[in-house]
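J.: Before anything else, here's the structure in question.
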Amino acid sequence: MKQIKAISFDFWETLVSGKHNAVGRVEHRLNKLNEILSKYRNFTIEEIKNAYDESSNIFTKVWINDYKTLCAEESIKIILELLELDISQKHFDELVYEFEYSLLDFPPKLFSELVDLLPKLKERFPLAIICDTGYSSGKVLREFLEREKVLSNFSTFVFSNEVLSSKPNAKNYEIVCESFGIQTNELLHIGDNQRSDIAGIQNVGGTGFLFAETNRKWVEGTTAEVILNSWNEFESALEKYL
């Protein structure tokens, strides 16, 4: 059996429920787009939403096909191109800020069990976060984790906007293992996505636990060694792999 020497976590739907306040984040971005773009041309809300949705579709295609994630700046450029609009640098920077920091204005919800669980795990293992970022960069996610008083539990962070690579690219897992001085088969990664989290870690020889409390999409047919329905199940599941 593989010996687990370190643990890494996905962010979305693993450390936090992204469904919490998701509507608020989207509405905030759309309202800011409407507020600023209306200074240049009269768009309908539907036109703005269609461009926003199409930029999200492009994000997904790039994420799946190219193993990278678009940042807020890149997504906003796509929206402007779709609307055939040029805006000032000041207004562009304002939109980037509002897109990125919408996460702090309308935050996801940290799974409450982690407040006690993470410090206990930190005493036994080095902990990392491997996250495919979207509109909110690694900088903003760190601010969120600091606000939730859990940031200090982690010693390594691999955010896709910072390393210019997203899961399931082996690079993202190898960065963590190199920082901890371990082999990839000694890393346990926990995430909610079969393609990026479970296949990603297993492709480099590590162990994958599927966290399925809020995302049940991958429960059927997953190759994960363990399926977690909540964080309350984690400690007993972990002991079987030590």
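The values are calculated or read from the model by the stated rules, or taken from the named source; none is laboratory data. Everything numeric here is computed off the predicted structure, so don't read it as measured data. Every residue, glycine among them, receives a Cβ derived from its backbone with ideal geometry; neighbour counts consider all protein chains shown.
J.: Can you tell me which of (1) closer than 16 Å to Lys5 by Cβ; (2) assigned to a strand (DSSP E or B) is the one Leu210 doesn't meet?
T.: The failed condition is (1).
J.: Test of understanding: among Leu33, Leu85, which residue is outside any helix (DSSP H, G or I), out of contact with any Asp or Glu (no Cβ under 7 Å at 6 or more places or on another chain), touching a residue at least 40 places away in the same chain (Cβ under 8 Å) and not acidic (Asp, Glu)? Spell out how you get there, then give the answer.
T.: Details: Leu33 fails: outside any helix (DSSP H, G or I).
Among Leu33, Leu85, only Leu85 is outside any helix (DSSP H, G or I), out of contact with any Asp or Glu (no Cβ under 7 Å at 6 or more places or on another chain), touching a residue at least 40 places away in the same chain (Cβ under 8 Å) and not acidic (Asp, Glu).
J.: Something else: Would you say Asn57 is polar (S, T, N, Q), under 17 Å from the mean Cα position of the chain (by Cα) and surrounded by fewer than 13 Cβ atoms within 10 Å (Cβ to Cβ)?
T.: Working: polar (S, T, N, Q): yes; under 17 Å from the mean Cα position of the chain (by Cα): yes; surrounded by fewer than 13 Cβ atoms within 10 Å (Cβ to Cβ): yes.
Criteria met by Asn57.
J.: For segment 34-86, which residues satisfy the criterion of being among the small types (Gly, Ala, Ser) and over 30 Å from Lys171 (Cα atoms)?
T.: Applying the first criterion (among the small types (Gly, Ala, Ser)) to segment 34-86 yields 38, 51, 55-56, 72, 75.
Scanning segment 34-86 gives Ser38, Ala51.
J.: Next up: Give the residue that is surrounded by the most Cβ atoms within 10 Å (Cβ to Cβ), with candidates limited to residues of segment 178-190 that are hydrophobic (A, V, I, L, M, F, W, C) and outside any helix (DSSP H, G or I). Walk me through it before giving the result.
T.: If we filter segment 178-190 for residues that are hydrophobic (A, V, I, L, M, F, W, C), which is where we start, we get 180, 182, 187-188, 190.
Pick out the ones that are also outside any helix (DSSP H, G or I) and you get 182, 187-188, 190.
Values: Ile182: 17, Leu187: 28, Leu188: 22, Ile190: 26.
Among those residues, the one meeting the criterion is Leu187.
One line per residue, one yes/no per condition, for (1) of a type in the set (S, T, N, Q); (2) farther than 18 Å from Gly18 by Cβ; (3) outside the structural domain of Lys217 (by TED's automatic domain parsing):
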site	(1), (2), (3)
Asp93	no, yes, yes
Lys120	no, yes, no
Phe125	no, yes, no
Ile130	no, no, no
Ser136	yes, no, no
Phe154	no, yes, no
Ser165	yes, yes, no
Gly181	no, yes, no
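J.: Another question about this same structure. Being in contact with a strand residue (DSSP E or B) (Cβ under 9 Å, 6 or more places away or on another chain) and over 14 Å from Thr14 (Cα atoms) narrows it down to one residue among Gly221, Gly205, Gly191; which is it?
T.: Gly205
J.: If a residue must be in contact (Cβ under 8 Å) with a residue 60 or more places away in the chain, farther than 17 Å from Phe111 by Cβ and not polar (S, T, N, Q), how many such residues does segment 206-238 contain? Write out each step before concluding.
T.: First, the residues of segment 206-238 that are in contact (Cβ under 8 Å) with a residue 60 or more places away in the chain: 206-207, 211, 213-215, 230-232, 234-235, 238.
Narrowing the set further to residues that are farther than 17 Å from Phe111 by Cβ leaves 206-207.
Checking which are not polar (S, T, N, Q) leaves us with 206.
So the answer is 1.
J.: Counting just the residues of segment 36-54 that are of a type outside the set (Phe, Trp, Tyr) and in contact (Cβ under 8 Å) with a residue 40 or more places away in the chain, which one comes out surrounded by the most Cβ atoms within 10 Å (Cβ to Cβ)? Steps first, answer last, please.
T.: Of all residues in segment 36-54, those of a type outside the set (Phe, Trp, Tyr) come to 36-39, 41-42, 44-51, 53-54.
With the extra rule that they be in contact (Cβ under 8 Å) with a residue 40 or more places away in the chain, the set shrinks to 36-37, 39, 41.
Values: Ile36: 17, Leu37: 21, Lys39: 9, Arg41: 11.
Applying the filter and picking the extreme gives Leu37.
J.: Which ones in segment 16-30 are within 17 Å of Glu98 (Cβ to Cβ) and either in a loop (DSSP other than H, G, I, E, B) or of a type in the set (S, T, N, Q) (or both)?
T.: Pass one, segment 16-30, residues within 17 Å of Glu98 (Cβ to Cβ): 21-30.
Result: Asn21, single match.
J.: Determine, yes or no, whether Pro119 is more than 21 Å from Ser230 (Cα to Cα) and either buried (at least 19 other Cβ atoms within 10 Å of the Cβ) or out of contact with any Gly (no Cβ under 7 Å at 6 or more places or on another chain) (or both).
T.: Numbers: more than 21 Å from Ser230 (Cα to Cα): no; either buried (at least 19 other Cβ atoms within 10 Å of the Cβ) or out of contact with any Gly (no Cβ under 7 Å at 6 or more places or on another chain) (or both): yes.
When the stated conditions are applied, Pro119 does not pass them.
J.: Another question about this same structure. Among helices (runs of 4 or more DSSP H) lying entirely in segment 111-177, which contain 1 or more residues that are within 30 Å of Tyr52 (Cβ to Cβ) and at pLDDT 95 or above? Give the steps one after another, and end with the answer.
T.: Values: elements: 114-122, 138-147, 160-163.
Counting at least 1 such residues, we get 138-147, 160-163.
J.: Could you grab me the full set of residues in segment 155-181 that are of a type in the set (A, V, I, L, M) and touching a helix residue (DSSP H, G or I) at 6+ places or on another chain (Cβ under 6 Å)?
T.: Step one: list which residues in segment 155-181 are of a type in the set (A, V, I, L, M), which gives 158, 163-164, 170, 175-176.
Scanning segment 155-181 gives a single hit, Val158.
J.: Follow-up. Tell me which residues, restricted to segment 106-137, are under 20 Å from His189 (Cβ atoms), under 20 Å from the mean Cα position of the chain (by Cα) and charged (D, E, K, R).
T.: Glu113, Asp132
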